[in-house]
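J.: I'd like to ask some things about the structure below.
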Amino acid sequence: MTPEAVDRIGVAAGEDSMVVDNGTLAREFPGLSTALVTDACLRLGLSIRMAPFGIRPVVAGDLVAGRALPVRHRGSVDVFLEALDQAEPGDVLVIDNGGRTDEGCIGDLTVLEARAFGVRGVVLWGTHRDSLELARLGIPVFSYGARPAGPRRLDPGQPDDLISARFGDGLVTRDDVVLGDADGVVFVPRTRTMELIETARAIATRERAQAELVNQGTTLHQQLRFEEYLERRAAYPSYTFRQHLRRLGGAIEE
């Protein structure tokens, strides 16, 4: 990591690890992508935690990046109001509605209130409603899509409702950062986010250079010496393409 990158990282009070703040995320994530961040996770040996397939922005092209503010929905809006009391400017409200698609558990009033508390975006494991109004609010919302009916249930609250949010197979806490774009949403450890962003930027730089060479007539076959790889694999069947890329320092897959 460069010295300049270290200077951009905020140190959380009382923590030994250096963590990225919401202002830095707002500056650094645009121009990258969740695809590049997942490639960076692979490069750094981190597990890849993605929102379930189908979670997309209500408004095409919206991006979201910020510290997770988790909450578990039980059928009543008051849990969202309680969660917002803990919000810091630039947070992303992460709502666990169990992946339900039979109710739009948030609408324009909830998102408007979230915006008033400085929340930068909402990521929902479930469905929303009031789509037209949400599109006008200017705050990114990610969900499975829209359902017109609101909740018709009231389940008992649990002690962890404001501590963590289940999102698909993963668990999201305040120790996580949320990154979302047209390809979906990923959750990464807050203490590793800047390292991931720097790695993603390096991958992007190399891939842009590779793309430019293709545009100039040098194919990926040529850049990655693919014929050499095939010859080596024929001689050593256990030789993999990732091993070959590692030898070349290629950015694709490795």
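The values are calculated or read from the model by the stated rules, or taken from the named source; none is laboratory data. This is a predicted model, so every value here is computed, not measured. Heads up, the Cβs are rebuilt from the backbone with ideal geometry, glycines too, and the neighbour counts pull from every protein chain shown. For the accessible areas, the whole protein counts, side chains as well, though only heavy atoms, and no ligand, DNA or RNA atoms are used. Shrake-Rupley method; radii C 1.70, N 1.55, O 1.52, S 1.80 Å.
J.: Rounded, prolate or oblate for the stretch 106-179? Axes are the square roots of the Cα gyration tensor eigenvalues, ordered a ≥ b ≥ c, and the cut-off for rounded is a/c under 1.5. Please report the intermediate quantities before stating the final value.
T.: Values: a/c = 1.66, a/b = 1.24, b/c = 1.34.
Oblate is the answer for the stretch 106-179, as a/c is 1.5 or above yet b/c matches or exceeds a/b.
J.: Please say if the stretch 91-142 is rounded, prolate or oblate, where rounded means a/c under 1.5 for a ≥ b ≥ c the square roots of the C-alpha gyration tensor eigenvalues, and otherwise the choice is prolate for a/b larger than b/c and oblate otherwise?
T.: Numbers: a/c = 2.17, a/b = 1.35, b/c = 1.61.
Taking the square roots of the gyration eigenvalues as a ≥ b ≥ c, the stretch 91-142 is oblate.
J.: Moving on. Local charge sum around PRO30 (other residues, Cβ-Cβ under 13 Å, Lys/Arg +1, Asp/Glu -1)?
T.: Values: positive: ARG27, ARG120, ARG201; negative: GLU28, ASP62, ASP181.
Here the charged neighbours net out to 0.
J.: Shifting gears a bit: Which of these, ARG190, ARG120, ARG208, has the largest mean-square fluctuation under a Gaussian network model of the chain (Cα springs below 10 Å)?
T.: Answer for the Gaussian network model of the chain: ARG208.
J.: A follow-up question, please. Over the chain, average the accessible area per residue using a 1.4 Å probe and give it in Å², no decimals. List each step's numbers first, then the result.
T.: On the way: 12720 Å² over 254 residues.
The answer is 50 Å² per residue.
J.: How long are the three semi-axes of the equivalent ellipsoid of the chain, in whole Å, if each is the root of 5 times an eigenvalue of the C-alpha gyration tensor, listed from largest down?
T.: Values: eigenvalues 293, 83, 58 Å².
Sorted largest first and rounded, they come to 38, 20, 17 Å.
J.: Also, I was wondering about something else. Working with all protein chains in place, sort LEU44, LEU109, LEU36 by solvent-accessible area computed with a 1.4 Å probe, largest first.
T.: Numbers: LEU44 55, LEU109 135, LEU36 20 Å².
The ranking, largest first, comes out as LEU109, LEU44, LEU36.
J.: Which percentage, to the nearest 5, of the DSSP beta bridges contained in the chain is antiparallel?
T.: Taking every DSSP beta bridge within the chain, about 55 percent pair in antiparallel fashion.
J.: Less than 12 Å Cβ to Cβ from PRO156, Lys/Arg counted +1 and Asp/Glu -1: what total charge do the surrounding residues give?
T.: Numbers: positive: ARG72, ARG74, ARG153; negative: ASP155, ASP161.
My count for the surroundings of PRO156 gives +1.
J.: Okay, moving on. For the stretch 123-140, in order, what is each residue's ³J(HN,Hα) by Karplus, 6.51 cos²θ - 1.76 cosθ + 1.60 with θ = phi - 60°, in whole Hz (x at glycine and Pro)?
T.: My calculation for the stretch 123-140 gives 10, 10, 8, x, 10, 10, 9, 6, 4, 5, 5, 4, 5, 7, 7, x, 10, x Hz in order.
J.: Mind ranking PHE226, PHE167, PHE53 by accessible surface for me, highest first, 1.4 Å probe?
T.: Numbers: PHE226 60, PHE167 5, PHE53 185 Å².
Output order, biggest surface exposure first: PHE53, PHE226, PHE167.
J.: Moving on to the next point. Taking the alpha-carbon centroid of each part, what is the distance from the stretch 117-144 to the stretch 28-82 in angstrom?
T.: Answer, in whole Å: 13.
J.: Something else about it: Please work out how much accessible surface ASP160 shows to a 1.4 Å probe, ignoring ligands, DNA and RNA, in Å² rounded to 10.
T.: We get 50 Å² for ASP160.
J.: Continuing with this model, one more query. To the nearest 500 deg cm²/dmol, what mean residue ellipticity at 222 nm is calculated for the chain from DSSP H runs of n ≥ 4 alone, each contributing -39,500 (n - 2.57), summed and divided by the residues? Walk me through the intermediate numbers first.
T.: Numbers: 10 runs with 91 residues, N = 254.
Computed mean residue ellipticity for the chain: -10000 deg cm²/dmol.
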